[in-house]
Amino acid sequence: MLTTAGDTAPYLTDWRRRFTGRALAVVLPGTTDEVAAIVTACAERNIPIVPQGGNTGLAGGATPSESADAIVLCLRRMNRVRNVDALNGTMTVEAGCVLLNVQQAARDAGQLFPLSLAAEGSATIGGNLSTNAGGTQVLRYGNARELTLGLEVVLPSGEVWNGLRALRKDNTGYDLRDLFIGAEGTLGVITAACLKTFPLPRAQVSAMFALESVKNALELLKLAQFAAGATLTAFELISDTCMRMVTRHFTDQRLPFGQSHSQYVLLQLSDHEDERHAATLLQTLAESALEKGLIVDAAIAQSSAQSASLWRLRELISEAQVLEAKHIKHDISVPISSIPRFIDETDALLLSGFPGVRLVTFGHLGDGNLHYNVQSPAGVAEEEFFAIQPAIYQCVHDQVVRFGGSISAEHGIGQLKRDENARYKSPVEMNLMRSIKQALDPLNIMNPGKVL
């Protein structure tokens, strides 16, 4: 248990440094039984609990409030891979396992765990499940929810629900698992999960395409899905603004084209035949896209190192934004077919209403998830920029709802979007969520002030 200011400080501020709180203590249990004992003791004393994994969240969901009446329950010590069953296509891991280590454990068994995101070197499985993380391969494999078969959860009462079932079919009542995935620790503490794994592909090939419009990117997606089918595992849209920031702040990074273009698509094919088959398929796709006028240039990786370099450009976007200037993040989703219109119309509204803002748009076009971020105008003070945050939120989120979308696709609600969530969800939905919260956590000790 950590109690001194110096020891607890790293756990009290979120990754973006937007939220800083205080806590009675930071507790680091090593087993599920220890988590249960801690939660029981807190329930008896009505002490709030803020579960935390790798502390890489982007919505303040794992940061305590300033009231200093809660403990931070950090699960990083619970980092064992309990079991890998390649024949069943499953692995059981503890919540504190770092995502990169889970990927490697699956790979060591000749399997693939496909959840992949920029923070995978520090994000933990518990945090991934708590926000129903998506990442770059949702197009093929689905979000964290689709990759999970069972959970082990310590309930707000201190009881342990062992739902670690490695079954793909289990129709025995309410699906309790899905209550806790995406709940951000407000209904209980996820301590372990049974995850799906898949056969390792024999080849993975990547390419970056240069395009002149988002509409062309959407047409390219349709072409790629038709040509590649299930081998298409990632399809990322990246604006030129993003690439300019990355190359400006990371001078060792270079775009693989001789000139800048309006938009880029980074895609990946995962093939179960061989490298030659995958490369031929990708080359054929590129030639077809050029013939149809959907792309103006293509850079096809010829090695794993070149492929890693292309993906590094994508992974550095968030870090480059932090180095560039203050920004307002939007992790939104809209129907895939509506993305070109959404971007065009929302860009126009923002530039008209907030002159000088810079629009940093990138994301998972294949599943309709955009990181639609608004960067402060050059020379504008941080306080002045964040004073208009509510108005920018409303502008963007009104548009999201108008297009039938969601204001949170994979980052969660946390404390950042709590009020926004209440604004856009119907009273019926909000009442249902409150009823579930009251039924499972009547003392409101599990991550209070988040989501609801």
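Read-outs: derived from the displayed coordinates by stated rules, not from any lab. Note that the coordinates shown come from a computational prediction; the quantities given were computed from them, not determined experimentally. Neighbour counts are summed over all protein chains in view; Cβ atoms, including those assigned to glycine, are modelled from backbone coordinates with ideal geometry.
Okay, here's what the table says:
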| quantity | calculated |
| --- | --- |
| Kyte-Doolittle at least 0.0, axis length at least 18 Å by Cα - qualifying DSSP helices, the chain | 32-45, 214-228, 339-353, 427-440 |
| MRE, 222 nm, helices only [DSSP H, n ≥ 4, -39500 (n - 2.57), over the chain, to nearest 500] | -10500 deg cm²/dmol |
| Local electrostatic count, Asp271, Cβ distance below 15 Å [Lys/Arg +1, Asp/Glu -1] | 0 |
| Net charge contributed by nearby residues that have their C-beta within less than 13 Å of Gly293 (K/R +1, D/E -1) | -3 |
| Pairwise label distance in nanometres, Arg202 with Ser338, each label 7 Å out on the Cα-Cβ vector | 4.2 |
| 11 Å reach of a label modelled at Phe257, 7 Å along Cα-to-Cβ, counting backbone N of the stretch 309-334 | none |
| The chain, dipole about Cα centre (Lys/Arg Cβ +1, Asp/Glu Cβ -1), debye to the nearest 20 | 240 |
| Full-extension gain in nm, Arg276 to Asn46, via 0.36 nm per residue minus C-alpha separation | 76.7 nm |
| Cβ-based net charge around Ile336, under 13 Å, with every Lys or Arg adding one and every Asp or Glu removing one | +1 |
| Relative contact order (%) - criterion: Cα under 8 Å, at least six apart; region: the stretch 325-409 | 46 |
| Pair Trp161, Ser352: separation of 7 Å Cα→Cβ label points (nm) | 4.7 |
| Length-normalised contact order for the chain - Cα pairs under 8 Å, 6+ apart - percent | 16 |
| Entry for Rg and Dmax of the Cα atoms in Å (calculated from the structure that is shown) out of [x] 29.3, 88; [y] 23.5, 76; [z] 22.1, 69 | [z] |
